[in-house]
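Asker: One structure, pasted below without further comment.
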Amino acid sequence: MTLHDVTPPATRPSRRTLLKGAAAGLVVGFHLPASKALAQGAAPAPSTPEINAWVVIRPDDTVVLRMARSEMGQGTRTGLAQLIAEELHCDWSRIVTEYVTPGQSLARNRAWGNFQTAGSQGIRQSQDYVRRGGATARIMLINAAAAQWQATPEHCVAKDGVITHTPTGRTLRYGQVAEAASKQLVPQTVALKDPSAWTVIGTSRPRLDTADKTTGKLIYGSDLKMPGMLLAAVQQCPVFGGKVKSFDAAKVKDMPGVRHVLQAGDNTVCVVGDTWWQAKTALDALPVEWDYGPNRTVSSETIAAMLREGLNASEAFVGNTQGDAKAAIAGAARKVEATYGYPFQNHAPMEPMNATVVWTPTRCDVWCPTQNGEAALAAAAAAAGLPQTACDVHRVDLGGGFGRRTTHDWLTQAVLIAKQVPGVPIKMLWSREEDMVQGRYHPVTMCKMSAGLDAQGNLTGLHMRISGQSILSYVFPNALQNGRDPVTFQGLNPTGAEGQFGYTIPNLLIDHAMRNTHVPPHFWRGVNNNQNAIYVECFMDELAHAAGQDPLAFRRKLMANHPKHLAVLNAVAERIGWDKPAPAGVFRGLAQQMGFGSYVAAAAEVSVDAAGKLKMHRIVAATDCGVAVNPRQIEMQVEGSFSYGLSALLYGECTVKDGAIVETNFDTYNVLRIDEMPKVETIVMPSGGFWGGVGEPTIMVAAPAVLNAIFAATGKRIRQVPIKDQDLKRA
Amino acid sequence: MAKLNVNGAVMEVTAHPDTPLLWVLREQIGLTGTKYGCGVAQCGACTVHIDGQAVRACSLPLSAVNDSQKIVTIEGLSPNGMHPVQVAWRELDVPQCGYCQSGMIMAAAALLAEKKNPTDADIDAAMTNICRCGTYNRVRAGIKQAAQTRQG
Ligand code: FES
Ligand code: FES
């Protein structure tokens with residue numbers, strides 16, 4: 001069997017064509033297998049009643065819920081289904097989900113809203129309109145049944161996909177009235193249930209999409225097959241900002257399976273072949289000369305020197321200020337100062353970047369894993385040289401995202417390649433090595449913490465000077481506020497529902513000396529909260545010790561005005577048994593922070609043996625995310641966040657030499673594995689009245705809780721991430 | 001031309017002898033359940049069984065395998081996804097993104113074939129696969145649950 005004989009997956013990905021229908025906005029959708037996707041203008045399949053943008057009900061009672069947000073392992077698909085189902089009153093066992101495309105949404109005036117799946121927003125930013133979608137559909141289904149019975153809708157109830165006319169006991173299934181419901185008038189106002197009446201939201205439903213992940217059947221972007229498809233392997237100039245000077249295609253063009261040797265854009269060489277392995281083998285043999293550009297002299301050392309200069313620079317953007325911190329510290333009975341640092345880190349999702357593209361002069365279709373379908377469409381259209389209406393992006397589930405797949409440099413590259421092989425499906429896949437050195441990295445920063453304590457050990461002034469990269473400067477420069485990057489101050493803000501600072505300090509100054517490098521920074525699970533929480537929470541620990549006070553008691557004195565921050569901190573302290581001695585040889589640390597609209601805290605138990613070997617035994621996490629849609633999913637996200645955050649703490653570091661990233665694979669960029677993963681106990685404590693995120697918040701407290709526990713164990717303050725090369729032997 | 005025994009069927013494949021088994025499985029045979037994660041035997045996403053042993057297919061050239069060896073991929077682990085490990089995985093909702101899970105499941109199945117009741121230390125030693133989503137604690141629980149159901 002050769003590659004080209006392989007049958008494409010029958011149902012996904014699909015290219016869906018929509019025909020605008022009747023007055024009620026009835027839309028006919030149909031699936032095409034990937035192979036047929038290339039045949040333009042295929043005849044429409046039989047119509048499927050769409051009740052509204054979110055809900056389609058088939059005659060066999062299958063409930064199709066449409067998804068704008070992407071599934072990358074964080075459970076958003078299941079959570080969103082719960083939100084819709086809560087109001088729809090459908091049979092949970094009949095639910096299937098499908099992705100809508102950004103092209104469809106564009107054609108319908110953004111009927112599906114925002115596609116962005118990042119910032120722990122998937123649930124909290126969609127919850128209102130998807131619940132309304134479910135409620136509206138339920139009312140239309142009931143109205144259709146009532147009309148059929150010539151009864152009043154008020155006498156009908158819907159439960160588990162069956163409508164009952166209460167006075168007579170007559171019933172109709174959703175599938176029987178779906179067609180009629182799709183023609184009902186759309187109710188203009190719908191009342192959503194009071195949370196006390198919820199029966200689906202707040203329950204630990206198993207995920208809808210687990211089965212295919214246990215059998216190898218789930219098709220990821222890197223698994224796509226299409227008839228006639230060719231495979232592309234790429235290498236971009238290893239120094240960001242560099243270009244291709246020349247390459248010798250003749251040297252590799254006769255190697256087995258090689259079809260094309262190309263350049264994509266000004267910085268990438270590419271081999272297109274019959275198989276990816278053949279393409280990659282030829283690419284590895286391709287002689288390339290690079291024009292490295294002006295960044296060839298940049299190294300980790302030069303970047304560190306630049307950041308150190310920023311720690312004491314006179315100019316800085318202010319994030320939070322109260323009173324006069326500098327004067328208070330200068331006049332304090334006792335001064336405490338410490339400098340911390342956080343490195344570049346790669347997202348390293350398990351599935352390397354990839355995209356499959358078919359380009360013709362009039363149309364461009366893309367199949368890819370992306371965290372933002374709309375941004376992917378915009379990137380594809382720009383690279384294709386076509387209007388967005390002549391392009392579309394067909395999503396597949398992601399083999400991890402963590403922020404990397406919110407930006408589409410790799411998609412642009414794939415389209416630029418496909419453009420040179422018109423009409424032929426091109427699947428571009430990055431090697432792990434390419435993925436490691438062409439990342440969009442966790443921003444690099446340093447931080448100088450300075451504080452004043454009075455004679456009683458009370459904190460009278462705190463100055464937090466961050467020096468380092470701004471993500472927005474690189475990603476969305478238009479979102480800067482007079483040059484200031486507000487995202488830098490995640491978790492440190494004086495006000496707001498997203499990430500408020502949890503301490504009241506009479507004299508406070510938090511400021512940022514922006515120092516950017518050529519290494520592109522990006523949103524990375526937890527984002528700036530990761531280092532901000534380390535800086536604040538480890539320094540709070542330092543201050544408590546300097547004041548001779550218990551770290552929990554010291555914090556509590558500053559948190560009286562922040563009851564929700566305090567509640568999660570108290571919860572983890574109680575669960576870990578803070579007021580009781582730890583097991584022999586085991587030491588504890590605490591941390592709290594607010595981020596992505598949620599309040600989180602962690603308490604860690606670690607031991608460090610005589611040789612300096614760290615063991616993380618147990619971490620307790622508390623999350624107040626306002627509303628908990630699925631407690632089991634939240635547990636999984638907490639475990640995942642801790643794994644990711646502790647991996648970053650133990651090992652995460654990308655270094656720069658001669659302008660390029662040095663670490664090229666998991667042998668030099670190690671990550672946490674099962675033997676190092678601590679037990680995780682999750683306390684889900686939703687206090688109601690707001691919707692916070694859960695995919696990221698707990699990541700930010702993992703590292704500081706462990707670092708504080710390491711200090712308790714060893715008397716050593718680790719102020720630079722990662723730990724891997726640092727000596728943890730008792731001081 | 002080389003002959004391989006994959007999931008109980010003997011088949012002929014045409015590929016350079018240096019081609020890693022992973023890419024033969026994925027690109028020649030069309031079995032994409034086995035994943036590429038690193039290509040250097042670090043992550044375990046490409047784990048398959050060869051005569052019952054867990055092997056990282058990215059680092060095994062085609063020339064090192066012949067049709068006397070039985071290769072089993074995730075697609076061939078059980079007829080209907082009913083291997084005790086797969087069942088436990090579904091009951092505990094182990095996977096997140098799922099990309100590493102074929103390899104995790106194959107490694108776990110090989111471990112259980114060797115040790116009926118693996119200890120935590122056995123699991124730590126055998127399960128060196130990388131999961132970036134952080135499913136490790138559920139992987140551990142899943143192995144223990146599968147061990148129980150096998151004996152029950
Ligand atoms: S792909 Fe084989 S071990 Fe990573
Ligand atoms: S489940 Fe995503 S990498 Fe393991």
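Asker: Can you name the residue in the range B:56-86 that is buried (at least 22 other Cβ atoms within 10 Å of the Cβ) and in a strand (DSSP E or B) and is also farthest from ligand 1 (Cβ to nearest atom) among such residues?
Answerer: Checking each candidate, the answer is B:Ile71.
Asker: Condition (residue is assigned by TED's automatic domain parsing to the domain that holds A:Val162, without any contact (Cβ under 8 Å) to a residue 60 or more places away in the chain and among the aliphatic types (A, V, I, L, M)) applied to the range A:125-134: is it met by at least one residue?
Answerer: No.
Asker: Please specify each residue of the range B:119-144 satisfying the condition of being more than 9 Å from chain A (Cβ to nearest Cβ) and open to solvent by less than 10 Å² (accessible area, probe 1.4 Å).
Answerer: Within the range B:119-144, B:Gly142, B:Ile143 qualify.
Asker: Out of all the residues in the range B:43-55, which are more than 16 Å from ligand 2 (Cβ to nearest atom) and either surrounded by 14 or more Cβ atoms within 10 Å (Cβ to Cβ) or at pLDDT below 95 (or both)? Walk me through how you get there before you give the answer.
Answerer: The first filter runs over the range B:43-55 and keeps only residues more than 16 Å from ligand 2 (Cβ to nearest atom), leaving B:48-55.
Selection gives B:Val48, B:His49, B:Ile50, B:Ala54, B:Val55.
This table checks each residue for (1) assigned by TED's automatic domain parsing to the domain that holds A:Val269; (2) closer than 23 Å to A:Lys243 by Cβ; (3) aliphatic (A, V, I, L, M).
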| residue | (1), (2), (3) |
| --- | --- |
| A:Gln388 | yes, no, no |
| A:Asp392 | yes, no, no |
| A:Val421 | yes, yes, yes |
| A:Asn458 | no, no, no |
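Asker: Here is a further query. Could you say which residue among A:Val190, A:Val177, A:Val200 is under 30 Å from A:Ala628 (Cβ atoms), at pLDDT 95 or above, away from chain B (no Cβ under 14 Å) and not in a strand (DSSP E or B)?
Answerer: Numbers: A:Val190 fails: at pLDDT 95 or above; A:Val177 fails: under 30 Å from A:Ala628 (Cβ atoms).
Testing whether each residue is under 30 Å from A:Ala628 (Cβ atoms), at pLDDT 95 or above, away from chain B (no Cβ under 14 Å) and not in a strand (DSSP E or B) leaves just A:Val200.
Asker: Filter the range A:334-369 down to residues that are under 19 Å from the mean Cα position of the chain (by Cα) and more than 16 Å from ligand 2 (Cβ to nearest atom), then give me how many there are.
Answerer: Initially, the range A:334-369 is screened for residues under 19 Å from the mean Cα position of the chain (by Cα), giving A:344-355, A:368-369.
Pick out the ones that are also more than 16 Å from ligand 2 (Cβ to nearest atom) and you get A:344-345, A:355, A:368.
Of the residues in that region, 4 qualify.
Asker: Being open to solvent by 40 Å² or more (accessible area, probe 1.4 Å), out of contact with any strand residue (DSSP E or B) (no Cβ under 6 Å at 6 or more places or on another chain) and farther than 25 Å from B:Gly134 by Cα narrows it down to one of B:Ala9, B:Ala15, B:Ala113, so name that one. Please lay out each step first, then the result.
Answerer: Numbers: B:Ala15 fails: open to solvent by 40 Å² or more (accessible area, probe 1.4 Å); B:Ala113 fails: farther than 25 Å from B:Gly134 by Cα.
Every option except B:Ala9 fails the conditions.
Asker: Could I ask something else about it? May I ask you to verify whether A:Asp223 is surrounded by 15 or more Cβ atoms within 10 Å (Cβ to Cβ), within 16 Å of ligand 1 (Cβ to nearest atom) and of a type in the set (D, E, K, R)? I'd like the intermediate steps shown before the answer.
Answerer: Working: surrounded by 15 or more Cβ atoms within 10 Å (Cβ to Cβ): yes; within 16 Å of ligand 1 (Cβ to nearest atom): yes; of a type in the set (D, E, K, R): yes.
It is true that A:Asp223 is surrounded by 15 or more Cβ atoms within 10 Å (Cβ to Cβ), within 16 Å of ligand 1 (Cβ to nearest atom) and of a type in the set (D, E, K, R).
Asker: If A:Lys427 meets every condition in (1) in contact with a Leu (Cβ under 6 Å, 6 or more places away or on another chain); (2) within 14 Å of chain B (Cβ to nearest Cβ); (3) open to solvent by less than 10 Å² (accessible area, probe 1.4 Å) apart from one, which number is that one?
Answerer: The one condition A:Lys427 does not meet is (3).
Asker: Now for a separate question. Give the range A:657-684 a look and list any residue that's open to solvent by 50 Å² or more (accessible area, probe 1.4 Å), outside any loop (DSSP other than H, G, I, E, B) and without any contact (Cβ under 8 Å) to a residue 12 or more places away in the chain, or say none.
Answerer: The one that is open to solvent by 50 Å² or more (accessible area, probe 1.4 Å), outside any loop (DSSP other than H, G, I, E, B) and without any contact (Cβ under 8 Å) to a residue 12 or more places away in the chain: A:Asp675.
Asker: Return the only residue of B:Val6, B:Val13, B:Val40 being closer than 30 Å to B:Thr149 by Cβ, at pLDDT 95 or above and either over 12 Å from the mean Cα position of the chain (by Cα) or not polar (S, T, N, Q) (or both).
Answerer: Values: B:Val13 fails: closer than 30 Å to B:Thr149 by Cβ; B:Val40 fails: closer than 30 Å to B:Thr149 by Cβ.
It is B:Val6.
Asker: Identify the residue in the range A:244-297 that is in a strand (DSSP E or B) and small (Gly, Ala, Ser) and, among all such residues, is farthest from the other protein chains (Cβ to nearest Cβ). Can you show your working first?
Answerer: Going through the range A:244-297, the residues in a strand (DSSP E or B) turn out to be A:244-247, A:258-264, A:268-273, A:288-291.
Still in the list and also small (Gly, Ala, Ser): A:246, A:264, A:273.
On the way: A:Ser246: 27, A:Ala264: 21, A:Gly273: 10 Å.
Here the answer is A:Ser246.
The values are calculated or read from the model by the stated rules, or taken from the named source; none is laboratory data. Just so we're clear, the structure is a prediction, and the values are computed from it rather than from any experiment. In this analysis, Cβ positions are derived from the backbone assuming ideal geometry, glycine residues included, and neighbour counts consider all displayed protein chains. Heavy atoms of the whole protein, side chains included, go into the accessibility calculation; ligands, DNA and RNA do not. Shrake-Rupley method; radii C 1.70, N 1.55, O 1.52, S 1.80 Å.
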